[in-house]
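Input: a single structure, listed below in structure tokens.
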């Protein structure tokens, strides 16, 4: 059975773990460097990117996470997308810079501007009901990355080889298609 | 585009899990809290310990001060309104607050009714002492629950009592036959439809956080181990002798709440915690947890 880690420093890690279980994979809570050892992939969940930045380096180093993401599959949602991407000018947030996309934090405003909307997937004809919470925006997609989901023509999910980043929260809906896509196109491919 | 659905409101609460929400009274404190790793701040004019000392009527904070804090930090900002005071809540929503706490810490505006929270775009958090109270608030539209504890005392005893009460209530529901659920809903004074969901799922339909009396990293760990999904620290940080170090220690204690080595490490070297006041000796009218129903 595939073992997929969920970074559990702070945020919506529990919901991701539930979704992974329903896909017959084994979720592993990741808080220490040693937790990364036997994983086939990793999810960096939504939460506050400032908090995750602040706490990385304590029991789990940046370098460990960076080394993992060099050759294994990583899926970042919301705050996790910010951490995978580039171009965030806020000094309170540190990025891995591995995903070739420029991300703006909290780009839609405060919580009352949060919304749900059907988005278009590149790999499935049926729309996906996406939950955007104080969501980041993908401002620019570099040539290394491809757009795999759009909302009103703008990129909301991008993939670069084994890395996947989404501005919304697929873990908050019961639709498992995006986690399934991550497992089939990123996790199992990275192992080959 | 559907804004502010219940799904989106509960969603933000999900994002705060495993985090610490800190009470702050000015921009400097808000920055200290954010730098220490707070997942959100609660903007208020006086922290609960000072509300107790100050007396008088405790109302919603000055919007000007809340807006300044909103500008200073990038994390979500919460603010409190009085129980039943939906006009205060309307003002908080208008200024773009991320979460409204309909709080017993402020002087209640209505002793019989709470706010109908479904009507608002902003999500609400409410306090509870037991399962019935939690489910009544969820019925009214609360997107997050917290224990009431006894705010401003630095005494953890009431928060522990309330968390255990909620959990006991949930376990009780899980042992029941379907035939028994209606009678239990009546006993709890809770909406039947939500009682049914809790019996099935074995947990509240919204995140459940701890509040009211958390003063040390150990207190935070205790509440997490008892089942809290995040913690609010009110007076405990800025009434201590070392707010910044203590805030950071509590943040680490919440992430690594089951790791005694981390708990020991972050507890070492902290200066004095807030002096506190035993919740037990408080006269009836000073027991904030008894406000609301």
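Things to note:
- Between residue A:146 and residue A:26, the contour length at 0.36 nm per residue exceeds the alpha carbon distance by 40.4 nm.
- Taking every C-alpha pair closer than 8 Å and separated by at least 6 residues, the mean separation divided by the residue count of chain A gives a relative contact order of 19 percent.
- Modelled FRET efficiency - R0 60 Å, residue A:126 with residue B:241, Cβ distances, 0.05 increments: 0.55
- Counting only the Cα atoms, region A:1-152 fills a convex hull of 122 Å³ per residue.
- Over the protein assembly as shown - Rg/Rh using Cα atoms and the Kirkwood inverse-distance radius: 0.96
- Our compactness index for chain B, the C-alpha radius of gyration over the empirical 2.2 N^0.38 Å, is 0.94.
- Using the empirical formula 2.2 N^0.38 Å as the baseline, the Cα radius of gyration of region B:174-293 reaches a ratio of 1.36.
- Spacing of the modelled spin labels on residue B:183 and residue B:71, each 7 Å from Cα toward Cβ, amounts to 6.1 nm.
- Separation of region B:1-28 from region B:253-270 is 25 Å, based on Cα centroids.
- Pairs of Cα atoms nearer than 8 Å and 6+ residues apart set the relative contact order; for chain B it is 20 percent.
- The order of A:71, B:114, A:16, going from fewest to most other C-beta atoms within 10 Å of their C-beta, is A:71, B:114, A:16.
Read-outs: derived from the displayed coordinates by stated rules, not from any lab. Please read all numbers here as calculations on a predicted model, not as lab measurements. Please note: Cβ atoms are built from the backbone with ideal geometry, for glycine as well, and neighbour counts cover all protein chains shown.
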